[in-house]
Amino acid sequence: MKKTVLFLLCSINLFAYRVENTRDREVIIYLNKVMINESLKLKDDGDKNRIIYEGISKNIDISSINLTGGDLRGVELEKNVDSNSILRSYLGKIIRAEKNGKTYDLVLLDYRKNIVGKDINTGEIYILNNPDLKLSDTEIKTENKLTMDVGKLGKKINLSYIIRGINLNISHSLDIDKMSLETWGKIYNNTGEDLENIRVKIISELSTPRAYMIKSEMADSISRGESNNRIEYKLKDKLDLKRNSEKNIKLETKKINLVERYVYWTKEYSKTPTRIVEIENISDTTIPMGRIYVWDGKNFVGDSNIGFIPNGEKYNLKLNKSFNVIIDKKIKKTYSLGNNLVKKEIEIEIKNKSNKKINLEINYDQLPEVWTKLRSSEKYEKISNRIVKFKLDIDKNSKKKFVFSYIEEKK
């Protein structure tokens, strides 16, 4: 009888090599995909041609699976495995069940609402709840089961695959006063499973293949990819990413050069100019694309999207209107010169109520179709036939007026 029981106990475990646990798990997060690399610790269950991975993420892309250390010949994903599908074929056979640390050798009588079995030694009937039941050291209820047909299996087995459900958002925080730019990566774990004690790489790929030597102040190491077109942040510490949670990670901080200017178009309804910040990347690290949030001291002054900014390149950020700068324009004088010629004098007044000196561009875009002899107390640049630009430096807490004139030819 003892031999028969042992045979039946072995016969219920048809799982081949079973993944007992995973080690050294690495998550590589791109903007549009996530790659998982992990080492597999296997338990030999008798069948040398298969590996069973229970509890694999339901978001796995099985077409992306790559196995090193074995010849992968086929893959099958079985979703939502439950006790019914496992135990159906074992009615009337002997199973070994565990509950609350106690082991039972039972003849299976029912498996649906509860596990009902008759103890082979005492004849006592036991009712065990499915969620608490273990079968041969493995929990019966598993979310997904991955079966891999393999050959030439080695001692060290590594598995890589792409999953859905992890999202990356790269953003920047710019401090105008300190001329400092912080780069952050926010990771959302929507895979439905906990990712514990994992190594993380965050990769932002350049839009076009360009080679840059990458170095980060905050990340453990950053290296170039083979195609020389990506920024790789390798985090020093391992992370725990709980399901349905997010984690915000500072990737680096760098110094940048800033030039501020205020731009005003006279046709605009508003009397306030637009504030523009020109960023110059003076570090040896390319700034990755993302959303940038701009602060002037404690005041939030705007946000925008930015593209990749390589070393030595500049990028203009169009921020919010500045209500500390007021511009008023008016026609001061108009008089006829005869022969359909009219001379107009335009007065522009600027009030700078801020505590800093500003650089202001005023684009006068209301010139007539035909004009001549523009005279001004300030230097100007002709942009087009109907637009001239004035560049002014306005001291803090000050006012400034200037006048210009032109002769319009009436048709």
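Rule-based calculations on the coordinates, nothing more; no lab input. Note that this is a predicted model, so its numbers are computed, not measured. All Cβ positions, even for glycine, are placed from backbone atoms using ideal geometry, and neighbour counts span all protein chains on display.
Per-structure values
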| quantity | calculated |
| --- | --- |
| FRET efficiency estimate (nearest 0.05) - Cβ-Cβ, residue 155 to residue 116, R0 45 angstrom | 0.60 |
| Förster radius 56 Å - calculated FRET efficiency between residue 282 and residue 343, Cβ distance, rounded to 0.05 | 0.70 |
| Two-site label geometry, residue 103 and residue 272: point separation in nm, points 7 Å out along Cα→Cβ | 7.6 nm |
| Rounded FRET efficiency, nearest 0.05, which uses the C-beta distance separating residue 169 from residue 369 and R0 of 41 Å | 0.25 |
| Over 27 Å between alpha carbons, listed pairs 267/332; 145/250; 318/382; 250/356 | 145/250; 250/356 |
| Residue-wise HN-Hα coupling along region 357-362, computed from phi with Karplus coefficients 6.51, -1.76, 1.60 (Hz; x: Gly, Pro) | 5, 10, 9, 10, 10, 10 |
| Contour excess over end-to-end distance, with Cα ends at residue 293 and residue 330 and 0.36 nm allotted per residue | 9.7 nm |
